[in-house]
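The values are calculated or read from the model by the stated rules, or taken from the named source; none is laboratory data. The structure presented is a predicted model; accordingly, all values stated were derived computationally and were not measured. Backbone-built Cβ (ideal geometry, glycine too); neighbour counts: all protein chains shown.
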Amino acid sequence: MFCKPAFAASTALALLFAAPAFAEGRPAALIISQSGLGDQSYNDLAYAGFERALASTGIEGRTVESKEVVAQADEILRRASDAGFGLILDLEFAHGEPIAAVAKDYPDINYVILNQVVPGDNIASVVFREEEGSYLAGVLAAQMTTLPGVEGINEQPILGVIGGTKSAGIDKFIVGFIEGAMSVNPDIDVKVGYSNNFADPAVGMQMANAMYDDGADIVYHIAGGTGIGVIEAAKERGAFAIGVDTDQDGLAPGHVLTSMVKRGDVAVERIVADYAGDKFPKGQTISLGLAEDGVGLSPMEHTKDIIPADVMAKVDAARAGILDGSIKVWDVLSQGAPDYLK
Amino acid sequence: MITEILFSALVMTTPLVLASLGGLIHRSSGIVNVGLDGMMLLGALVALILASGGNWAVALVGAALSAGVAGWLMSLGITRLSANEIIVGLGLNIAIAGAVRFYLKAAYGSSGNLRLPDVSRLPKIDLPLPGPFGAVLSGHSVLTWIAWALVPLTAWVLTRTALGLRLRACGTSAVSSAAIGLHPKRMREGAGFVAGALSGLAGAYLSIGVVGLFNEGITGGRGFIALAAFYFGANRPWATAACALLFGIFDAVQIRLQGRGFPAELIQTLPYIMVCVVLLLLGLAARRRAEGKAASHG
């Protein structure tokens, strides 16, 4: 028997959203962002945290994935809201405004948005203090860049950083990195570039090569797919890159010094646990930094052998300083760009 | 610094030269090919898959053939089904982007990025040239040299061979060329295959020449810059290649100027602004020449 595609699609949607609607511990939904499950990055990481949280809390949960996740934001959010979920976690950055509008109409459902602050009584916003993790990457890189006897490292105190676009969200990483580097060596030269594109590895490679030609030996990228070209350039030149968001150390083993990891899984896990424990942070902004294990450096599996203990000790000291508040890392989102980046 | 900029410019220019020559040939036959970017994307993916555990030459042939077939099919839609060339071209770009995305997900469970083991990269040719010449010209991929060799070859074929004359006749007037026994539809379909094949090579250059991996944004809109290049080059191969080179140079300059105290947003518009400025100056010079001629005749 054949049914019309439209009917099949709506049946599938109905099945997807046909969640049992018990009052206590209503199920949770995770709306996957545009890059989709299987992105080996942001979505997969958040999904892993979601799975762990479901297993430990016993809450039921489903993922919502759509190719039209941006174009049909309102529709997807409303359908999920009508389907009996008590908690809707949204990974899509473009859902900031739609979620504010939809949440108003469903006061007894809890919404979560990541990487931005959306006001609303039943919305929790999760932001990451990427500047803190980037600061540690800067402390590490600034020491390594003049370290004698390491292959691929020259004696000049020059680093590079490549952002995908010039915006406060990206400059947050860049400024954290520069501040960390300057805390080690105030005279360090950190070259800053913007690729204007998050998916063009050829451009990332050219930009990284330009920085390596100018004496840089370690280049930090915050540029998605463009950054993959930065890592490739590091591998080809025998120099170093620093990865971002997920542990990218394995993309070019030995040539990715470290990665500034953003733990979307920790965020999702925490929120679901709060929800299960009836402590959902309604209307609040949750900021995850080093202290909450929301950001941090990768375990440096492939590079730990070339990083001397005293260098690592300084990184640990910087980490301790941030944790006890003696080091305050500049936050571009709340403080604006510092003079050297204007 | 200058030699590094020029080296980088040649790298950035190679895919533009290949794709714009393809577009130029297709346009000479009478079809404006808006689908270059999609065919480039297809070529980039096919090349990487074939080069993984394989041979770069096979990968190049595969990229050229697959993208060539895409270009041929696109032309069929225009010649046999009378579809609008702009719509078909844009549609092809969207269709290929969607198919690539689906294939990556279905075959590799990955979205957007693809890295494969043992990729056979395009070989680089080292030239024993002295000083700055060596720094600029040595170490480029074999495809860069093929691209530049294709410029005079295309010019020669278009102006000095029967095939080129027929191609251009079909482009000038389908009705008249059919009247003298040519087959403008077949000519356009063949040119569509060539345009696709060259775009496929451009994509292969990006994936197995420059970076050794695939990303769904790897073309970076270069198919559309190639479109601009053959438009501005007015179907002349050398002028088209010069346009592509101009863009490549300013793109390389843009990359090197960043981090030297100039505002990033302004610098990134440099390639586009400079190409407009140069074209404006060329246009003014041409007009002055024309006026001068008119005056001397008057």
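Filter region B:232-276 down to the residues that are of a type in the set (Ser, Thr, Tyr) and away from every other protein chain (no Cβ under 11 Å), then identify the one that is surrounded by the most Cβ atoms within 10 Å (Cβ to Cβ).
Initial filter on region B:232-276 (of a type in the set (Ser, Thr, Tyr)): B:240, B:269, B:272.
Still in the list and also away from every other protein chain (no Cβ under 11 Å): B:240, B:272.
Working: B:Thr240: 28, B:Tyr272: 15.
If we take residues in region B:232-276 being of a type in the set (Ser, Thr, Tyr) and away from every other protein chain (no Cβ under 11 Å), then B:Thr240 is surrounded by the most Cβ atoms within 10 Å (Cβ to Cβ).
Can you name every residue in region A:148-184 that is surrounded by 17 or more Cβ atoms within 10 Å (Cβ to Cβ), away from chain B (no Cβ under 13 Å) and in a loop (DSSP other than H, G, I, E, B)?
Matches in region A:148-184: A:Gly152, A:Ile153, A:Pro157.
I'd like the full set of residues that are within 8 Å of chain B (Cβ to nearest Cβ), under 18 Å from the mean Cα position of the chain (by Cα) and of a type in the set (Gly, Ala, Ser), limited to region A:194-245.
A:Ala199, A:Gly225
Here are B:Gly217, B:Gly221: which of them is over 18 Å from B:Leu167 (Cβ atoms), of a type outside the set (Ser, Thr, Tyr), within 13 Å of another protein chain (Cβ to nearest Cβ) and over 12 Å from the mean Cα position of the chain (by Cα)?
Values: B:Gly221 fails: over 12 Å from the mean Cα position of the chain (by Cα).
Selected residue: B:Gly217, the only one of B:Gly217, B:Gly221 that is over 18 Å from B:Leu167 (Cβ atoms), of a type outside the set (Ser, Thr, Tyr), within 13 Å of another protein chain (Cβ to nearest Cβ) and over 12 Å from the mean Cα position of the chain (by Cα).
Residues to consider are A:Asp310, A:Asp293, A:Asp316, A:Asp305; find the one that is in a loop (DSSP other than H, G, I, E, B) and out of contact with any helix residue (DSSP H, G or I) (no Cβ under 6 Å at 6 or more places or on another chain). Full working, then the answer.
Details: A:Asp310 fails: in a loop (DSSP other than H, G, I, E, B); A:Asp293 fails: out of contact with any helix residue (DSSP H, G or I) (no Cβ under 6 Å at 6 or more places or on another chain); A:Asp316 fails: in a loop (DSSP other than H, G, I, E, B).
On inspection, the qualifying residue turns out to be A:Asp305.
Taking the condition of being buried (at least 17 other Cβ atoms within 10 Å of the Cβ) and under 18 Å from the mean Cα position of the chain (by Cα), how many residues in region B:62-84 meet it?
Going through region B:62-84 one residue at a time, the tally reaches 12.
Give region B:19-42 a look and list any residue that's within 14 Å of chain A (Cβ to nearest Cβ) and under 19 Å from B:Ala149 (Cβ atoms), or say none. Steps first, answer last, please.
So the first thing to find is which residues in region B:19-42 are within 14 Å of chain A (Cβ to nearest Cβ), and the list is B:19, B:37, B:40-41.
Residue satisfying the conditions is B:Ala19 alone.
Quick test of your reading of the structure: B:Ala178 fulfils all but one of (1) within 30 Å of B:Gly54 (Cα to Cα); (2) free of Cβ contacts under 8 Å to residues at least 60 places away in the same chain; (3) touching a Pro at 6+ places or on another chain (Cβ under 7 Å). Name the failing condition by number.
Condition (1) is where B:Ala178 drops out.
Please list, ordered by residue number, the strands (runs of 3 or more DSSP E) wholly in region A:203-287 having 2 or more residues that are within 30 Å of B:Phe7 (Cα to Cα) and small (Gly, Ala, Ser). Let's see the steps before the verdict.
Numbers: elements: A:218-222, A:240-245, A:256-262.
Hits in region A:203-287: A:240-245.
Is there a residue being within 14 Å of chain A (Cβ to nearest Cβ), surrounded by fewer than 18 Cβ atoms within 10 Å (Cβ to Cβ), over 17 Å from B:Ala195 (Cα atoms) and hydrophobic (A, V, I, L, M, F, W, C) anywhere in region B:161-184? Walk me through how you get there before you give the answer.
Initial filter on region B:161-184 (within 14 Å of chain A (Cβ to nearest Cβ)): none.
The answer is no; no qualifying residue exists.
Please verify whether B:Ala229 is more than 14 Å from every other protein chain (Cβ to nearest Cβ), assigned to a helix (DSSP H, G or I), surrounded by fewer than 21 Cβ atoms within 10 Å (Cβ to Cβ) and not aromatic (Phe, Trp, Tyr), treating the condition exactly as stated. Step through it out loud before you land on a result.
On the way: more than 14 Å from every other protein chain (Cβ to nearest Cβ): yes; assigned to a helix (DSSP H, G or I): yes; surrounded by fewer than 21 Cβ atoms within 10 Å (Cβ to Cβ): no; not aromatic (Phe, Trp, Tyr): yes.
Against the criterion (more than 14 Å from every other protein chain (Cβ to nearest Cβ), assigned to a helix (DSSP H, G or I), surrounded by fewer than 21 Cβ atoms within 10 Å (Cβ to Cβ) and not aromatic (Phe, Trp, Tyr)), B:Ala229 does not qualify.
Residues that are modelled with pLDDT under 95: which helices (runs of 4 or more DSSP H) entirely in region B:1-103 hold 1 or more of them?
Details: elements: B:2-28, B:36-51, B:56-79.
The qualifying helices (runs of 4 or more DSSP H) are B:2-28, B:56-79.
Please verify whether region A:118-132 includes one or more residues that are in contact (Cβ under 8 Å) with a residue 12 or more places away in the chain, closer than 29 Å to A:Met260 by Cα, of a type in the set (Phe, Trp, Tyr) and assigned to a helix (DSSP H, G or I). Let's see the steps before the verdict.
Just the residues of region A:118-132 that are in contact (Cβ under 8 Å) with a residue 12 or more places away in the chain, to begin with: A:118-132.
Keeping just the survivors that are closer than 29 Å to A:Met260 by Cα gives A:118-119, A:123-132.
Filter once more, keeping what is of a type in the set (Phe, Trp, Tyr): A:128.
Adding the requirement that they be assigned to a helix (DSSP H, G or I) leaves none.
No, region A:118-132 contains no residue that is in contact (Cβ under 8 Å) with a residue 12 or more places away in the chain, closer than 29 Å to A:Met260 by Cα, of a type in the set (Phe, Trp, Tyr) and assigned to a helix (DSSP H, G or I).
Kindly indicate the residue of region A:248-267 that is among the hydrophobic types (A, V, I, L, M, F, W, C) and under 16 Å from A:Leu290 (Cα atoms) and also farthest from the other protein chains (Cβ to nearest Cβ) among those meeting that condition. I'd like the intermediate steps shown before the answer.
At the first step, the residues of region A:248-267 found to be among the hydrophobic types (A, V, I, L, M, F, W, C) are A:251-252, A:256-257, A:260-261, A:266-267.
Checking which are under 16 Å from A:Leu290 (Cα atoms) leaves us with A:260-261, A:266-267.
Working: A:Met260: 18, A:Val261: 18, A:Val266: 22, A:Ala267: 21 Å.
Per the criteria, the residue is A:Val266.
This table checks each residue for (1) out of contact with any Leu (no Cβ under 6 Å at 6 or more places or on another chain); (2) outside the structural domain of A:Asn185 (by TED's automatic domain parsing).
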{"position": "A:Ser81", "(1), (2)": "yes, yes"}
{"position": "A:Gly84", "(1), (2)": "yes, yes"}
{"position": "A:Leu87", "(1), (2)": "yes, yes"}
{"position": "A:Val117", "(1), (2)": "yes, yes"}
{"position": "A:Asn122", "(1), (2)": "yes, yes"}
{"position": "A:Ile153", "(1), (2)": "no, no"}
{"position": "A:Pro157", "(1), (2)": "yes, no"}
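Pick from region A:135-147 the residues that are not small (Gly, Ala, Ser) and not in a loop (DSSP other than H, G, I, E, B): which of them is surrounded by the most Cβ atoms within 10 Å (Cβ to Cβ)?
From region A:135-147, those not small (Gly, Ala, Ser) are A:135-136, A:139-140, A:143-147; that's our starting set.
The next check asks that each one be not in a loop (DSSP other than H, G, I, E, B); those that pass are A:135-136, A:139-140, A:143-144.
Details: A:Tyr135: 31, A:Leu136: 25, A:Val139: 27, A:Leu140: 26, A:Gln143: 20, A:Met144: 23.
So, considering only residues that are not small (Gly, Ala, Ser) and not in a loop (DSSP other than H, G, I, E, B), the one surrounded by the most Cβ atoms within 10 Å (Cβ to Cβ) is A:Tyr135.
Would you please name the residue that is nearest to the chain's Cα centre (by Cα), looking only at residues in region B:174-203 that are part of a helix (DSSP H, G or I) and of a type in the set (Val, Ile, Thr)? Before the answer, list the steps.
We begin by selecting, within region B:174-203, every residue part of a helix (DSSP H, G or I); these are B:174-179, B:184-203.
In the following step, the residues that additionally are of a type in the set (Val, Ile, Thr) were identified as B:175, B:194.
Working: B:Val175: 29, B:Val194: 11 Å.
Step by step, filter region B:174-203, then rank; the result is B:Val194.
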